[in-house]
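**Q** Pasting in a structure now, in structure tokens, and then I'll have a few things to ask.
The values are calculated or read from the model by the stated rules, or taken from the named source; none is laboratory data. Predicted model, so just to flag it, every value in this text is computed and none were measured. Counting neighbours? That spans all protein chains shown, and the Cβs are built from the backbone with ideal geometry, glycine included. Heads up: the accessible areas ignore ligands, DNA and RNA and are worked out on the full protein's heavy atoms, side chains in. Shrake-Rupley method; radii C 1.70, N 1.55, O 1.52, S 1.80 Å.
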Amino acid sequence: MPRSTNPLVISRVVGDVLEPFTSCVGIRIVYEGNTEVVNCSELKPSQIIHQPRVEVGGDDLRTLYTLILVDPDAPSPGDPNMREYLHWMVTNIPATTGATYGEEVVAYENPRPIVGIHRLVFVLFRQMGRQTIYAPGWRQNFNTRDFAELYNLGSPVAAVFFNCKRENSPGGSSRRR
């Protein structure tokens, strides 16, 4: 059987966070300074302090989406006992618009990895229609699969992730001297 070239599979986002799915809606995520999130890119904590601009594809404003941002590597990749940490949730985002047109259910909390390289995963789900989605009682130990099942969201329609580590961690080009 041939090996996958899908970065979501190679990085174990599919497996740790998501079941296999077919991406069918465009999503564009841009942080301050025009830093666009692409699979496997590395962003520094200083680049992701403020919530990004999110553009959702599609062709019908009546189609609504839910966006979540999770860290499956919290508090550390070697011991992810808070997997998945929920950093952001926006619901009822109309197609062809962005997250600012949706309802922020869980406020953006900028990721601040302390140990290791963390995968930060944006997942987009198509909703069956306008719906009320409630914020979980806590951010740690969020489960994307259970959340999708609870709200009847089905499989994701798009996902993208980036890597992030502490800025002064050893071994990186961001190392302080």
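**Q** What list of ³J(HN,Hα) values in whole Hz, one per residue of segment 30-41 in order, does the Karplus curve 6.51 cos²θ - 1.76 cosθ + 1.60 (θ = phi - 60°) give from phi, with Gly and Pro shown as x?
**A** Per residue, the Karplus-derived 3J(HN,Hα) values read 10, 8, 3, x, 6, 8, 8, 7, 10, 3, 6, 5 Hz.
**Q** While we're on this one: Relative to the compact globular guide of 2.2 N^0.38 Å, what is the alpha carbon radius of gyration of the chain, as a ratio? Don't skip to the end; give the middle numbers.
**A** On the way: Rg = 15.8 Å, N = 177, 2.2 N^0.38 = 15.7 Å.
Ratio of Rg to 2.2 N^0.38 Å for the chain: 1.00.
**Q** At 1.4 Å probe size, with the rest of the protein present, what percent of the exposed accessible area of the chain is carbon and sulfur atoms? Could you put the intermediate results ahead of the total?
**A** Working: 4660 of 9450 Å².
Carbon-and-sulfur percentage of accessible area, whole number: 49.
**Q** I'd like the Karplus ³J(HN,Hα) series for segment 145-159: coefficients 6.51, -1.76, 1.60, θ = phi - 60°, whole numbers in Hz, and an x wherever there's a Gly or Pro.
**A** Computed from phi, the couplings for segment 145-159 are 4, 5, 4, 4, 5, 4, 9, 6, 8, x, 6, x, 10, 6, 7 Hz.
**Q** Further question on the same structure: Divide by every residue of the chain the summed helix terms, -39500 (n - 2.57) for each DSSP H run of at least 4, and state the resulting mean residue ellipticity at 222 nm, rounded to the nearest 500 deg cm²/dmol. It would help to have the intermediate numbers written out before the result.
**A** Details: 3 runs with 15 residues, N = 177.
Here the helix-only value at 222 nm equals -1500 deg cm²/dmol.
**Q** Could you size up the charge dipole of segment 77-177 around its Cα centre, putting +1 on the beta carbon of Lys and Arg and -1 on that of Asp and Glu, and report it in debye to the nearest 20?
**A** On the way: 12 positive and 8 negative charges, 113 e Å.
The calculated dipole for segment 77-177 is roughly 540 debye.
**Q** Ignoring ligands, DNA and RNA, how do Arg3, Arg62 rank by accessible area with a 1.4 Å probe, largest first?
**A** On the way: Arg3 220, Arg62 195 Å².
Per-residue accessible area, sorted high to low, gives Arg3, Arg62.
**Q** Here is a further query. Between Cys24 and Tyr101, 0.36 nm times their residue separation minus their Cα-Cα distance comes to what? Working shown, then result.
**A** Numbers: separation 77, 0.36 × 77 = 27.72 nm, distance 2.07 nm.
Once the chain is fully extended between Cys24 and Tyr101, it gains 25.7 nm.
**Q** Toward the positive end of the charge dipole of the chain, about the Cα centre and with charges on Cβ (Lys, Arg +1; Asp, Glu -1), which of Val14, Thr132, Gly33 goes farthest?
**A** Farthest towards the positive end: Gly33.
**Q** Quick check for you: with a 1.4 Å probe and neighbouring chains kept, what is the accessible area per residue of segment 1-137, in Å²?
**A** On the way: 7020 Å² over 137 residues.
For segment 1-137, the solvent-accessible area averages 51 Å² per residue.
**Q** Magnitude of the Cβ-charge dipole of the chain, K/R +1 and D/E -1, about the Cα centre, nearest 20 debye?
**A** The dipole magnitude comes to about 540 debye.
**Q** Normalised by the number of residues in the chain, what is the relative contact order in percent for Cα pairs under 8 Å and 6+ residues apart? Walk me through the intermediate numbers first.
**A** Numbers: 406 pairs, mean separation 46.8, N = 177.
It rounds to 26 percent for the chain.
**Q** Please give the peptides 80-88, 137-145, 44-52 ranked by average Cβ packing (other Cβ atoms within 10 Å per residue), highest first, as a rough proxy for protection. Provide the component values of the computation, followed by the final result.
**A** Numbers: 80-88: 20.2, 137-145: 14.8, 44-52: 16.3.
The most tightly packed comes first, giving 80-88, 44-52, 137-145.
**Q** Please list, ordered by chain and number, the residues whose modelled amide H lies under 5 Å from the amide H of His87; skip anything fewer than 5 residues away on the same chain.
**A** Leu69, Val70, Asp71
**Q** For Gly98, which sequence-distant residues (separation of 5 or more, or a different chain) have an amide H within less than 5 Å of its own amide H, given hydrogens modelled in the peptide plane?
**A** Amide H neighbours of Gly98: Val56.
**Q** Follow-up question, since we're still on this one. For segment 60-69, just list the computed ³J(HN,Hα) in residue order, Karplus coefficients 6.51, -1.76 and 1.60, θ = phi - 60°, integers in Hz, with x standing in for Gly and Pro.
**A** Whole-Hz 3J(HN,Hα) from phi for segment 60-69: 9, 4, 7, 7, 10, 10, 10, 10, 10, 10.
**Q** Dipole of the chain (Lys/Arg Cβ +1, Asp/Glu Cβ -1, origin at the Cα centre): which of Pro72, Ala107, Pro156 lies farthest to the positive side?
**A** Of the candidates, Pro72 comes out farthest on the positive side.
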